[in-house]
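Written out below as structure tokens is the structure these notes cover.
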Amino acid sequence: VGEDAATFNIFEQKITSWVYFTGILGVVLFALDALWIDSSFGFGKAFIDYVSGISDSNEIVMLVLIFIFAAVHSGMASLRDPSEKLIGPRAYRVLFAGISLPLAVSTVVYFINHRYDGVQLWQLQNVPWLHHLLWVSNFISFFFLYPSTFNLLEVAAVDKPKMHLWETGIMRITRHPQMVGQVLWCLAHAIWIGNSVAVAASVGLIGHHLFGVWNGDRRLALRYGEAFEVVKSRTSVVPFAAIIDGRQKLPKDYYKEFLRLPYLTITALTLGAYWAHPLMQAASFRLHW
């Protein structure tokens, strides 16, 4: 009933499409830097300064930033159907990304710069095995976090963006992998950092994704009707629940659904992001947000 996730056939790719993708990515990054990040002209610092003026508490500012992003991101997602009818799928995707991306960058940068502020609630970094356990947990979280970005050409609006009803790969484990991945990421970082800012960020992000579980099912039900109900009946929100109770029947070669280029790409990008942590922290610090 649903679609096969993470499929990629090199022979079906068009060079021109990836040239367009590269060009669009370059324009987006340039615009993001010039209009939002650049301290002399961008609006990012003014936005952070305004939100920071709401309270002297880093925890409250963190929650407000997450709430603003969540309200815009989920609000625009809820308006996807009427918006696409009004301006078309590609224009909607550009508008959606153009508004969501700067808010996401601001929230991430603020978290990086203030992650060690606040009240220290626990200190577990000296536990010898904890770093390795949380590293593995965080690594696994990225396989859940990004199933929606498998179709990069749709993300960049090179191909016509669609609302997909996935049913293979990670979806067999949980119908809402982004929520599960976000919970894993938040728990790993909150346990390791152990202070009130990290806990506030985790509470805000997990709350946003729990709302996304309800909102995502609602939107899929409106778009796909009976087909979604079929997929819903043999999947679960709680990881592995549908497999354990027999509603999800795994094929014998289930592992092959993960031996695909998108999952290998996620592996490489996740390792790259881990090794690039010092660069990310240095870049965030220079912004003084």
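The values are calculated or read from the model by the stated rules, or taken from the named source; none is laboratory data. Since this is a predicted model, take the numbers as computed values, not measurements. Glycine also receives a Cβ, built like all others from the backbone with ideal geometry; neighbour counts cover every protein chain displayed. Heads up: the accessible areas ignore ligands, DNA and RNA and are worked out on the full protein's heavy atoms, side chains in. Shrake-Rupley method; radii C 1.70, N 1.55, O 1.52, S 1.80 Å.
Table for the structure above
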{"item": "Rg followed by Dmax, in Å, when segment 143-289 is reduced to its Cα trace", "result": "17.5, 52"}
{"item": "Kyte-Doolittle mean at least 0.0, axial Cα span of 20 Å or more - DSSP H helices of the chain", "result": "15-32, 58-78, 89-114, 130-145, 177-193, 196-224, 261-275"}
{"item": "Cβ-derived FRET efficiency at R0 51 Å, A268 paired with I60, nearest 0.05", "result": "0.85"}
{"item": "Amide proton proximity set for N195, modelled H, under 5 Å, gap of 5+", "result": "L121"}
{"item": "Nonlocal amide H pairs with W166, under 5 Å, H built at 1.01 Å", "result": "E3"}
{"item": "Lysines whose Cα lies under 25 Å from that of K85, excluding same-chain neighbours fewer than 8 positions away", "result": "K160, K162"}
{"item": "Mean separation of Cα contacts under 8 Å (6+ apart) over length of the chain, as relative contact order %", "result": "28 percent"}
{"item": "Simple spin-label estimate for L86 and F139 in nanometres, 7 Å along Cα-Cβ", "result": "4.6 nm"}
{"item": "Whole-number accessible area per residue in Å² for the chain, which is evaluated in the context of all protein chains at 1.4 Å", "result": "56 Å²"}
{"item": "Qualifying lysines (Cα of each under 23 Å from Cα of K249; at least 8 residues distant if same chain)", "result": "K232"}
{"item": "Two-site FRET efficiency, F285 against A77, from Cβ-Cβ distance with R₀ of 22 Å, rounded to 0.05", "result": "0.10"}
{"item": "Under the Debye formula (equal points on every Cα, no solvent term), log10 I(q)/I(0) of segment 10-287 at q = 0.08, 0.10 Å⁻¹", "result": "-0.38, -0.61"}
{"item": "Formal net charge of residues neighbouring L220 (Cβ-Cβ distance under 10 Å; K, R +1; D, E -1)", "result": "+3"}
{"item": "Per residue Cα convex hull volume in Å³ - calculated over segment 173-222", "result": "49 Å³"}
{"item": "Distance (nanometres) between label positions extended 7 Å along Cα→Cβ at L187 and S39", "result": "3.9 nm"}
{"item": "Rough spin-label spacing in nm, given labels placed 7 Å along Cα→Cβ, for W214 and I244", "result": "2.4 nm"}
